[in-house]
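The values are calculated or read from the model by the stated rules, or taken from the named source; none is laboratory data. This is a predicted model, so every value here is computed, not measured. Glycine gets a Cβ as well: all are built from the backbone with ideal geometry, and neighbour counts include every protein chain shown. To get the accessible areas, we keep the full protein, side chains included, count just its heavy atoms, and leave off ligands, DNA and RNA. Shrake-Rupley method; radii C 1.70, N 1.55, O 1.52, S 1.80 Å.
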Amino acid sequence: QVQLVESGGGLVQAGGSLRLSCAASGSIFSINAMGWYRQAPGEQRGLVARITRGGSTNYADSVKGRFTISRDNAKNTVYLQMNSLKPEDTAVYYCAAIVVVPAYWGQGTQVTVSS
């Protein structure tokens, strides 16, 4: 089992920044990658960014150039730095531990961007 605890969401004005954190514990040796997903009301949950054990990253087209995913292996923590936020970034953001597919999820943290 892997436990994920997220923090860092909140309310911000358009153009602002937020940093999300996700601390992992438990059977972290089984994790091949970590990802951030988001779900807005009435929409499906979708990938925002992902980082592999080796540090390779990929991003949704909608956030490229604005969001950065990173990891601190010593702290078993993954971060999502979100800059130039837009109202359409408003969603619940979830951290996921990926084995082959997302296998473990955090509780989610709300990000609201006001116009």
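For residues that are open to solvent by 90 Å² or more (accessible area, probe 1.4 Å) and not in a strand (DSSP E or B), scanning just the stretch 99-112, find the one that is farthest from L80 (Cα to Cα).
Once the filter is applied, the top-ranked residue is V100.
Tell me, yes or no, whether the stretch 2-11 has at least one residue that is open to solvent by 70 Å² or more (accessible area, probe 1.4 Å), within 14 Å of the chain's Cα centre (by Cα) and of a type in the set (A, V, I, L, M).
The answer is yes; a qualifying residue exists.
In this structure, is A96 open to solvent by 40 Å² or more (accessible area, probe 1.4 Å), farther than 21 Å from S115 by Cβ, touching a residue at least 24 places away in the same chain (Cβ under 8 Å) and in a strand (DSSP E or B)?
no
Are there any pairs, at least 6 apart or on different chains, whose C-beta atoms fall under 6 Å, with the first in the stretch 68-81 and within 10 Å of I51 (Cα to Cα) and the second of a type in the set (V, I, T) and buried (at least 17 other Cβ atoms within 10 Å of the Cβ), and if so, which?
That search, which allows pairs on different chains as well, returns I69/I51; R71/I51; R71/V78.
When you check A74 against the structure, is it over 21 Å from V99 (Cβ atoms), modelled with pLDDT of 95 or more, out of contact with any Cys (no Cβ under 9 Å at 6 or more places or on another chain) and not charged (D, E, K, R), yes or no?
no
Report the residue count in the stretch 22-55 for those that are hydroxyl-bearing (S, T, Y) and over 15 Å from the mean Cα position of the chain (by Cα).
3
Taking strands (runs of 3 or more DSSP E) that do not extend beyond the stretch 1-69, which have at least 3 residues that are over 22 Å from A103 (Cα atoms)?
Because the criterion is at least 3 residues that are over 22 Å from A103 (Cα atoms), the strands (runs of 3 or more DSSP E) in the stretch 1-69 that meet it are 10-13.
If you take the residues in the stretch 19-68 that are among the hydroxyl-bearing types (S, T, Y) and modelled with pLDDT under 95, which one is surrounded by the fewest Cβ atoms within 10 Å (Cβ to Cβ)?
Here the residue is S25.
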